[in-house]
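A.B. asks: Handing you a structure now.
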There are 2 protein chains.
Amino acid sequence: MRNHLKQLRGEQGWSQAELAKRLDVTRQTVIALEKGKYDPSLPLAFRISRVFGLPIEKLFDPENP
Amino acid sequence: MRNHLKQLRGEQGWSQAELAKRLDVTRQTVIALEKGKYDPSLPLAFRISRVFGLPIEKLFDPENP
DNA sequence: CAGTCATGTAAAGCACGCTTTACATGTCGA
DNA sequence: TCGACATGTAAAGCGTGCTTTACATGACTG
């Protein structure tokens, strides 16, 4: 599933390590998510939503619209 | 994570089998979700959102608000 | 009463989400 | 040039998300 994490993180001026800390995950997880290697769990998706102040629907694009 | 699937399914008058079909999962998955045994994956959360016509945020309550 | 429908439990199996650890590369400032 | 920081890759390990199959129970209906 596509996401805009890398771009949004850039807008905030955060490093991967900084974002990982805010999301309470490891940097590896941030890398994997940004690279689209897999989708976040629902709880993590909610945390991402809160960190960026955007609804989940604005952060992720389900393939079949 | 809490959800309102059982109630919403009831409002639509759907059986678990009917909802499972609409979500393209098995009935076991519907049962597990309604019982809160685990959270749906993000792609499934989007499908649930579409089936009920509600945003993900209205369907699931992350514990830490 | 027999049959069907809705709901539920149980268990095995596979792929994914996330962790931990380690190492490699490029860039930048002292 | 050395060190720190940012980004990236790799691999092993664990729990969870979802499937398949099977069986049990209660309610309703012919």
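A.B. asks: Starting from the Cα-Cα distance between residue B:11 and residue B:24, subtract it from 0.36 nm times their residue separation and give me the gain in nm to one decimal. Walk me through the numbers before you get to the answer.
C.D. replies: Values: separation 13, 0.36 × 13 = 4.68 nm, distance 1.98 nm.
Full extension of this stretch gives 2.7 nm more.
A.B. asks: Tell me what chain B gives for mean residue ellipticity at 222 nm when only DSSP H runs of n ≥ 4 count, each as -39,500 (n - 2.57), the sum divided by the residue total, rounded to 500 deg cm²/dmol. Mind dumping the intermediate values first?
C.D. replies: Working: 5 runs with 39 residues, N = 65.
The helix contribution divided over chain B gives -16000 deg cm²/dmol.
A.B. asks: Which value, in debye to the nearest 20, describes the size of the charge dipole of chain A about its Cα centre when Lys and Arg Cβ atoms bear +1, Asp and Glu Cβ atoms bear -1, and nothing else is charged?
C.D. replies: On the way: 11 positive and 8 negative charges, 44 e Å.
Computed charge dipole of chain A: roughly 220 debye.
A.B. asks: Which angle from 0 to 90°, rounded to the nearest 10, does the C-alpha axis of helix B:42-52 make with the longest principal axis of chain B?
C.D. replies: The angle comes out near 60 degrees.
A.B. asks: Based on Cα positions only, what radius of gyration and what Dmax would you give for the protein assembly as shown, in angstroms?
C.D. replies: 15.5, 48
A.B. asks: Per residue of region B:31-39, what does 6.51 cos²θ - 1.76 cosθ + 1.60 with θ = phi - 60° give for ³J(HN,Hα)? Whole Hz please, x for Gly and Pro, Karplus curve as stated.
C.D. replies: 4, 4, 5, 4, 7, x, 5, 7, 8
A.B. asks: Identify, for chain A, the residue whose C-beta comes nearest the rotation axis onto chain B, and round that distance to whole Å.
C.D. replies: A:56, 2
A.B. asks: At a threshold of 8 angstrom on Cα-Cα distance, excluding pairs fewer than six apart, so keeping six or more, what relative contact order does region A:2-52 reach in percent?
C.D. replies: On the way: 29 pairs, mean separation 18.2, N = 51.
Once divided by the residue count of region A:2-52, the mean separation gives 36 percent.
A.B. asks: DSSP loop (so not H, G, I, E, B), at most 11 other Cβ within 10 Å: list which trypsin sites (Lys or Arg not before Pro) in region A:34-65 pass both filters.
C.D. replies: Values: sites: A:35, A:37, A:47, A:50, A:58; in loops: A:35, A:37.
Filter output for region A:34-65: A:35, A:37.
Throughout, read-outs are computed from the coordinates displayed, never taken from laboratory work. Owing to the predicted nature of the structure, the values given are computational and were not obtained by experimental measurement. Cβ: placed from backbone, ideal geometry, glycine included. Neighbour counts: every protein chain shown.
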